[in-house]
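Student: Shown below is the structure under consideration.
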Amino acid sequence: MFVHPHIDPVAVSIGPLDVHWYGLMYLLSFLLGWGMGIVRTKQPHVDWNRDEVGDFLFYVVLGVVLGGRIGYMLFYQPGMLVSDPLQLFYIWQGGMSFHGGLLGVLFASGWFARRTGRGFWDITDFVAPIVPIGLFFGRIANFINGELIGRVTDVPWAMVYPMVDNAPRHPSELYEAGLEGLLLFAILWLFAMRPRPRMAVSGMFLLGYGCLRFFAEFFRQPDAFLGFVAFDWMTMGQVLCTPMIVAGIILLALAYRGRERATT
C-alpha cells in the first residue's frame, strides 16, 4: 500500500503570483503538442508545415481552455452555473472537462478550416494523434492535486489519500494517464504513421478514447455531487463516452467504405 505524497498544488510563488502545477501541466502539454505537431509535418504523407502548426495551436489553446471550462460547468455543475454564473471564469479553482475541451477543439478546428480553406477532417486527422499528450499531463496534474480519486480497493498497489480519508483506493489518475495518455498516444501515433482514409484517424481517436475512458471509470470514484447517473452503475464520464464510441465506429466505417485517401 502507498500513501499519496500530498504535493503542494502551487509549484512556485513569484511575489503575489502563485503558479499552479495544473497550469504548468497545461503549458507543457501545449509545448510538447506543438513539438509533436512539427514531427508530424515531417511524415511524407502529411501536408502540413510548421507555420500552420503554430497557427493552429492558438485555436487549440482557446478551444481547450474555453471548452473545457464551459463543458465542466454544463456537464458537472449546472446548478452552480445557474446560481453563480461568474464561477465560469474561476479557472484557477480547477474544474475542466475533457469532453467539453474536445468540443472546444472541434469548434476550433472548424474555425481554422474556415479561415484556411483546409478540410475539417484533414485538421482533426492531423491533430488526433497529438491529443493524448495533453491527456497524460492533465491526469498527472489530477494526481498531484489528489483529485478524481479511485474507488476503495484491496489491490497491493492501493493508495491512501490522507486529505480525503484513510481508505486504500485505486490510483485512478495514474491509470487514466497510462490508458488515455500513453497507450492511446502509442495506438494513434502508430496508426497515423501510414496514409489512412479521411476520417479514419479521427474515428480511431474517438473509439480508442471512448473505450479506454469507459473502462477506467470503473476504477474511479464517481463525483460526489453526481454519483452514478444511469442504471445505478454508469458515471457521467461513461455516459459522455458512449456517443464517442458510437461516433468512432461510424467514422471508421465511413472512412474505409469510401476509401477516400487523404494526408493525415
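The values are calculated or read from the model by the stated rules, or taken from the named source; none is laboratory data. None of these values were measured; they are calculated from a predicted model. All Cβ positions, glycine included, derive from the backbone under ideal geometry; neighbour counts span all protein chains shown.
Student: Filtering segment 41-88 down to residues that are hydroxyl-bearing (Ser, Thr, Tyr) and surrounded by 12 or more Cβ atoms within 10 Å (Cβ to Cβ), which residue is modelled with the lowest pLDDT?
Tutor: That would be 76.
Student: Consider residue 51 against the criteria (1) without any contact (Cβ under 8 Å) to a residue 12 or more places away in the chain; (2) among the charged types (D, E, K, R); (3) under 17 Å from residue 105 (Cα atoms): it satisfies all of them except one. Which criterion is unmet?
Tutor: Only one criterion is unmet by residue 51, namely (3).
Student: Given the criterion under 30 Å from residue 167 (Cα atoms), under 15 Å from the mean Cα position of the chain (by Cα) and either of a type outside the set (Ser, Thr, Tyr) or in a helix (DSSP H, G or I) (or both), identify the matching residue among 23, 33.
Tutor: 23
Student: Another question about this same structure. Looking at segment 17-26, is at least one residue over 18 Å from residue 124 (Cα atoms) and exposed (fewer than 12 other Cβ atoms within 10 Å of the Cβ)?
Tutor: The answer is yes; a qualifying residue exists.
Student: Within the set of pairs 6+ apart or on separate chains, which have a first residue in segment 138-162 that is of a type in the set (S, T, N, Q), a second that is outside any helix (DSSP H, G or I) and crowded, with 21+ Cβ neighbours inside 10 Å, and C-beta atoms under 8 Å apart?
Tutor: Correct list of pairs: 153/169; 153/170.
Residue by residue, here is whether (1) of a type in the set (A, V, I, L, M); (2) touching a residue at least 12 places away in the same chain (Cβ under 8 Å); (3) in contact with a strand residue (DSSP E or B) (Cβ under 8 Å, 6 or more places away or on another chain) holds:
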position: 205; (1), (2), (3): no, yes, no
position: 211; (1), (2), (3): no, yes, no
position: 216; (1), (2), (3): yes, yes, no
position: 222; (1), (2), (3): no, yes, no
position: 236; (1), (2), (3): yes, yes, no
position: 239; (1), (2), (3): yes, no, yes
position: 245; (1), (2), (3): yes, yes, no
position: 257; (1), (2), (3): no, no, no
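Student: Test residue 38 against the criterion of being on the phi < 0 side of the Ramachandran plot, in a helix (DSSP H, G or I), surrounded by 16 or more Cβ atoms within 10 Å (Cβ to Cβ) and not charged (D, E, K, R), and give yes or no.
Tutor: no
Student: Based on this model, can you work out whether residue 47 counts as assigned to a helix (DSSP H, G or I) and over 18 Å from residue 103 (Cβ atoms)?
Tutor: Judged against the criteria, residue 47 is not a match.
Student: Only residues that are among the small types (Gly, Ala, Ser) and touching a His at 6+ places or on another chain (Cβ under 8 Å): list them for segment 7-26, please. Let's see the steps before the verdict.
Tutor: From segment 7-26, those among the small types (Gly, Ala, Ser) are 11, 13, 15, 23; that's our starting set.
Answer for segment 7-26, where residues must be among the small types (Gly, Ala, Ser) and touching a His at 6+ places or on another chain (Cβ under 8 Å): just 11.
Student: Residue under question is residue 75, and the condition is that it be in contact with a helix residue (DSSP H, G or I) (Cβ under 8 Å, 6 or more places away or on another chain) and aromatic (Phe, Trp, Tyr); does it hold?
Tutor: Working: in contact with a helix residue (DSSP H, G or I) (Cβ under 8 Å, 6 or more places away or on another chain): yes; aromatic (Phe, Trp, Tyr): yes.
For residue 75, the condition - in contact with a helix residue (DSSP H, G or I) (Cβ under 8 Å, 6 or more places away or on another chain) and aromatic (Phe, Trp, Tyr) - is met.
Student: Of all residues in segment 194-225, how many are in a strand (DSSP E or B) and either at pLDDT below 95 or closer than 22 Å to residue 126 by Cβ (or both)?
Tutor: Final tally of qualifying residues: 2.
Student: Can you tell me which residues in segment 1-16 are closer than 19 Å to residue 136 by Cα and either surrounded by 13 or more Cβ atoms within 10 Å (Cβ to Cβ) or touching a Pro at 6+ places or on another chain (Cβ under 6 Å) (or both)?
Tutor: Passing the criteria: 4, 9, 11.
Student: Which pairs do you get when a residue that is over 15 Å from residue 98 (Cβ atoms), found in segment 66-83, comes within reach of a residue that is part of a helix (DSSP H, G or I) and not charged (D, E, K, R), reach meaning Cβ atoms under 7 angstrom, with the pair 6+ apart or on two chains?
Tutor: Final answer for the pair search is 80/73; 80/87; 81/73; 81/74; 81/87; 81/88.
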